[in-house]
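The values are calculated or read from the model by the stated rules, or taken from the named source; none is laboratory data. Remember, predicted model here, so these are calculated numbers, not experimental data. When we count neighbours, we look across all protein chains shown, and the Cβ atoms used for this are built from the backbone with ideal geometry, even at glycine. Only protein heavy atoms, including side chains, enter the accessible area calculation; ligands, DNA and RNA are left aside. Shrake-Rupley method; radii C 1.70, N 1.55, O 1.52, S 1.80 Å.
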Amino acid sequence: MTRKAPPDLATPAILVALLAAIATLTVVVAPAMQRPVTEAFIYIVIVVGLQIFSGNCGVISFGHVAFVVVGAYVSAILTLPTHKKHSMLALPQALEQLHFSTIESLLVSSLAAATVALLIGFPIVRLRGIVPSMATFALLMITHTIALNWKAVTGGRQALVGLPLDTTIWVALGGAVFAICIAVWYQQSTRGILLRCTRESLVAAESIGINVVGERMVALIISAFVCGLGGVLFAHFLGTLNANTFFLDTTFLVLSMLVVGGYRSVTGAVFGVAVLSMVSELFRYFEQGISIGAFSLPSLPGLQEVALAIIMLAILVARPDGLLGAQEIGRLYLLTRRLFQL
Amino acid sequence: MNVLQTALDAIDLGAIYALAALGVGLVFSVMRLINFAHGELVAVAGFSVYALDGQPLWIRVIAGLASAVILALIMERVAFRPLRRAEPSTLLITSFAVSYLVQHLIIVVFGSRPLGVSFLQELSGDVAMGSLRLPRLEVVTVAATVMLLVGLIVFFHRTPLGIQMRAAAEDFTMARLVGIKANRVIATAFAISGCLAAFLAFIQVVQSGTVSYRMGLDLVLMAFVSAVVGGIGSLVGATLGGMVVGITSVCLQTFLPPDTRVYRDAYLFGLFLVFLIARPQGLIFRKADRERV
């Protein structure tokens, strides 16, 4: 008789409490930090969304920003006022008249991203070894090329402006909490466990009858939904959107965040976002040029990214599994409790 | 005339992608690393050519080759050697980070705008062949690629080091057991991939007349696609895959209706996904690459 391990409720509880505390502190103590904190929360949505797929099946994806793009554009089309759509785009009449509130659009746009995953995920998830990672670039390139050139619907190179700015710090917090709960729930569900079996050994998992392609598809669709949600939140945070808003730089940042903390754990994903957001913020400050006494540093564009890459490389070389490995904060908490007999 | 021109375009682009895929595939075959930073080897060679503007041609060519080879060796030593036993996905991420690092170092030094550079302008005209006029650069590219491939074939089949590299590509652990030096083989693979990258840089610089920090990016993405199409881990496959992808790209450019041509890359990557449904293992599949239990 086998028994499933009790669900790890401590991990989502601790993470959610921490994020809520950060949001409250920011609003009360340092209102000037609201923008970077909100942005970090949105990155949590995207990175945790990516973790649902990559963390459980072991395939690093370079294509998840495609789902962010889909979420963002669908939401832009749904929420922009009709007269703005008329002046910027050349949509069919019905689409032009359509108007959703941001809340409604959150669901619809994320579902659109999940649908894209359903439609074009199959050829990628059935590949083996390192090949699927390379194939995920195809997703990114296809959406980027379309976003860049389909002027009638995406505006092409021209930015879409005037999206409702509805992503406040609390909305972003809600998104992050939702993403974390979904990720932990999936991770501990039977399907999540099956998928992690395939991560540890594809051949062994197949030999006991696990449907690798099916389990990977489930994870891909859920993770595309969450990444799409991240895209919607991001679009309504920036208020403007163009084809280059989410592309290779975003891909690099999101992957760094995932890998630095440890891509096999949800806590690691959140932790990676926290670390790299702080580093970026620090360097954004330095990049403007600083002077300490007689010593002055000129402003150097590109320096922030250089520092980011060096930090990432150092962590990869020192700890290839990320800072946290596969540890979840809830398990650590239980472990310490047991250790000290609390 | 038009058909011949298109055919030459196709073979030219195929040759370029084949060289890129070969550079990526060579490193993969010996250490299971998909080197995303291959594109930055191209960029660094390009910027060496740019920085030595006004110097004699041979100095610029040697500097281009040397900078790409040195950067390749540094990457291997600093970033990839410590991770040699890590999973392939960790290695891929590492190479992504190396690529990002080098790109932004270039931005810090040279800025992010494309810079104009004059290099080998003698190659930019047309060459007359009877009643045909063909772009000189394309003819030279194809000829040079053929020479490079022949050189590589001779190297891999006739020299001890080349044979050792093929053995290592076949089964790295076994090769080490019979006394092949891992570090030497891997360093050679990186050095050769640096040379191939420098060569690609020369072609790009002549073709576009500019250098930019992103100049290797499209190439490396196409090299990935080519390597997967050809069958990852196989050098013949990489060359073949590059040819197939290049020819497909030019055909799409030629035969797509004009107003959908801007979506060429979307079609190309879409076809790639369709190809993966039909033949996920690539054109050339080696039994040695199947996962052993």
Exercise. What single numbered condition from (1) hydrophobic (A, V, I, L, M, F, W, C); (2) in contact with a Lys or Arg (Cβ under 7 Å, 6 or more places away or on another chain); (3) modelled with pLDDT of 95 or more fails to hold for A:LEU202?
Worked result: (3)
Problem set entry | Residue in region A:194-211 that is away from chain B (no Cβ under 14 Å), farther than 25 Å from A:VAL153 by Cβ and surrounded by 24 or more Cβ atoms within 10 Å (Cβ to Cβ) present | yes
Problem set entry | Tabulated pairs, region B:207-233, first more than 15 Å from B:ALA197 (Cβ to Cβ) and modelled with pLDDT under 90, second of a type in the set (Phe, Trp, Tyr) and assigned to a loop (DSSP other than H, G, I, E, B), C-beta under 7 angstrom, 6+ apart or interchain | B:GLY231/B:PHE285
Exercise. Would you call B:ALA238 at pLDDT below 85 and more than 12 Å from chain A (Cβ to nearest Cβ)?
Worked result: no
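Would you mind stating whether B:ALA68 is open to solvent by less than 10 Å² (accessible area, probe 1.4 Å) and modelled with pLDDT of 90 or more?
On the way: open to solvent by less than 10 Å² (accessible area, probe 1.4 Å): yes; modelled with pLDDT of 90 or more: yes.
So B:ALA68 fits the description; yes.
From the list A:ILE42, A:ILE14, exactly one residue is assigned to a helix (DSSP H, G or I), buried (at least 24 other Cβ atoms within 10 Å of the Cβ) and either in contact with a Pro (Cβ under 7 Å, 6 or more places away or on another chain) or on the phi < 0 side of the Ramachandran plot (or both). Which is it? It would help to see each step written out before you state the result.
Numbers: A:ILE14 fails: buried (at least 24 other Cβ atoms within 10 Å of the Cβ).
Among A:ILE42, A:ILE14, only A:ILE42 is assigned to a helix (DSSP H, G or I), buried (at least 24 other Cβ atoms within 10 Å of the Cβ) and either in contact with a Pro (Cβ under 7 Å, 6 or more places away or on another chain) or on the phi < 0 side of the Ramachandran plot (or both).
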Problem set entry | Pairs where the first residue, in region B:257-279, is facing chain A (nearest Cβ under 7 Å) and the second is among the small types (Gly, Ala, Ser) and open to solvent by less than 80 Å² (accessible area, probe 1.4 Å), C-beta under 8 Å, 6+ apart | B:PHE269/A:ALA138; B:GLY270/A:ALA138; B:PHE272/A:ALA135; B:PHE272/A:ALA138; B:LEU273/A:ALA135; B:LEU273/A:ALA138; B:LEU276/A:ALA135
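Could you name every one of the helices (runs of 4 or more DSSP H) located completely within region A:113-159 that has at least 2 residues being under 14 Å from B:ARG264 (Cα atoms) and of a type in the set (S, T, N, Q)?
Numbers: elements: A:122-125, A:131-149, A:151-154.
In region A:113-159, the matching helices (runs of 4 or more DSSP H) lie at A:131-149.
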Seminar exercise, completed: Residue hits (region B:138-179; open to solvent by less than 30 Å² (accessible area, probe 1.4 Å) and either over 27 Å from B:LEU123 (Cα atoms) or at pLDDT below 85 (or both)) are B:PHE156, B:GLY162, B:MET165, B:ALA168, B:ALA169, B:ALA175
Exercise. Hey, among A:PHE271, A:PHE252, A:PHE237, which residue is in contact with a helix residue (DSSP H, G or I) (Cβ under 7 Å, 6 or more places away or on another chain) and either under 28 Å from B:LEU221 (Cα atoms) or part of a loop (DSSP other than H, G, I, E, B) (or both)?
Worked result: A:PHE252
